[in-house]
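Data block below; observations after.
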Amino acid sequence: MASFKIDCLLLTVPRVSPTAPIIAPALLKSHLKRHGFTSKVIDYNIRLYNDIVDVSGIWKEDDEYFDKQEEYAIAYDTVLKSYIEKYAKECIEEQAEWIGISLLSSKSTFITSSLIKEIRKLGKQKIVIGGPGADHYNSYYMNLGLAVPNEIILGDGDEALVSLLKGERVKKTYYYLKDLNNLPIPDYSDLNWIDYDDDPVKVPITGSRGCVRKCTFCDVKHYWPSFRYRSGKEIAEEMAQLFYQHGYKTFGFTDSLINGSLKAFRELCAELKRVNIPTTWNGQFICRSEKQMPESLWADMAAAGCTDVNIGVESGSEQVRNHMKKKFSNDDMYYTFTMATKFKIQVVFNIIVGYPTETEENFEDTLTLLRWISELNKQIPENKRHMIGSINVCTIIDNCDLRNMLDELNIIEFDTPIVSGAADGQVGETYPPLTWRMKDKVEGLPYNQTMRVNRLIRVLELLNGSYCKIMGPPRSYNFNIEEDDISDLIHATG
């Protein structure tokens, strides 16, 4: 029988943001320790980011080298192969019985397959993959000649991984952790914070899983169909313990919405005010009404250390947002920006251009919102101005409601389904992000999305002469623009 030094090696693989570690491996390490198993975390995402000499040549915001098979094959042959071989050798040397690979999204699919193949050349370790990206790996990517792991965990991996190490059979269905209270505190002891590309690095913390909204373009409800949350007091206690034990002061919530449960959010802010530790934090947020989030709660947020929130505004049009099922009004949206400004909380917001129901009038509503925010920003120091986090043209991804609205919205010319063999031998049909257009060419969608993106950026330029000075550079892009428009985009974004 083979002799193993540790029970499980927990890996993060590219490509995710290099600004901070993801929480899953550190949380799983603590969960395994609670049940008597040994493990070690290695973040190969940040290792690769730091190991590559010319990182800008491959670590692009559009992820084409990691997310598209043909581009990945080129990157593998020209850049990645030697690194992956090195990392695989390190994995074998750790002498773990199981190697667990966490896929945050489909962007980790191809490099995960390469790593599995290299590990298999060198040793006989068993491999399990999990995380949201495992769903993609399990379904429509499985027919692309990718390596097949020993096991795939779908959904929450906390209890499932423990079961696996106990020798129990892994279910082919989704795992859902019913109660998030009493989660162990993530163990980041295997990581070096100075490796990450942010200052200060935000320590990940989880207050909830799932989302209270069911946005038509989003697939979160596919992975987490129910919204579950921890008590605000327990979250605050975890932050305090991480501060007192390790000196961590800056936290980033992994939640889809930090104010999904108002009860838990009010409790979190009140408890952080009470313990009065010098921590700051941010997270994803939803616009709520003045009744739901009165000014006093905004004051508590600021006093509790909230520095910024990320909001999926998506459109300045209430009509478009209603179809998206965002469920907040223009009054709620403008109130949110006003309160954030008053209490010096920065709003980083996302925009979707060319949603299937978006008319020219709707798009003008988005431009009106941007003009209003630009005026609001004149009251704010430049480093705290509200800013755009991402500008995306509307794509229709797998497992979102828009997939079921094609006839209703008169959408045609979508991509051919991929027939894939799932891990249990079942055959099914799944789809890549949809290439679409309207039957009746309403408003010219989607092929005028490029024009609207460029118009949006030009409006931002005209407001104050520089896009970056007004909103700050976008943090990510998903433009789908034509080659001829790229120079305009580069000029506009500095």
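Quick look at the values:
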item	result
Mean residue ellipticity (222 nm) of the chain, computed from DSSP H runs ≥ 4 via -39,500 (n - 2.57), nearest 500	-11000 deg cm²/dmol
Which listed pairs, of K29/K166; K40/K68; K86/K117; K86/K121, have C-alpha distances above 20 Å, in listed order	K40/K68
All Cα pairs of the stretch 6-165, percent lying beyond 25 Å	24
Mean Cα-pair separation over length for the stretch 6-165, i.e. relative contact order, pairs under 8 Å, 6 or more apart, %	26
Ranked list, fewest to most other Cβ atoms within 10 Å of each Cβ, for I153, I6	I6, I153
Cross-link partners of K249 among lysines (Cα-Cα below 16 Å; sequence separation of 8 or more within a chain)	K202, K273
Order of D77, D308 under a 10 Å beta carbon neighbour criterion, fewest first	D77, D308
Relative compactness, the chain, computed as alpha-carbon Rg over 2.2 N^0.38 Å	0.98
Around E70: net Lys/Arg minus Asp/Glu count, Cβ-Cβ under 12 Å	-3
Per-residue ³J(HN,Hα) for the stretch 179-191, Karplus 6.51 cos²θ - 1.76 cosθ + 1.60, θ = phi - 60°, Hz, x for Gly and Pro	10, 8, 5, 6, 5, x, 6, x, 9, 9, 5, 7, 9
Ranking of K166, K40, K202 by count of other Cβ atoms within 10 Å, fewest first	K166, K40, K202
Sequence-distant lysines (8 or more away, or on other chains) whose Cα lies within less than 27 Å of K378	K342, K344, K469
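Throughout, read-outs are computed from the coordinates displayed, never taken from laboratory work. Predicted, not measured: the structure shown is a model, and the values here were computed from it. Using ideal geometry, Cβ is built from the backbone for each residue, glycine included, and neighbour counts are taken over all protein chains shown.
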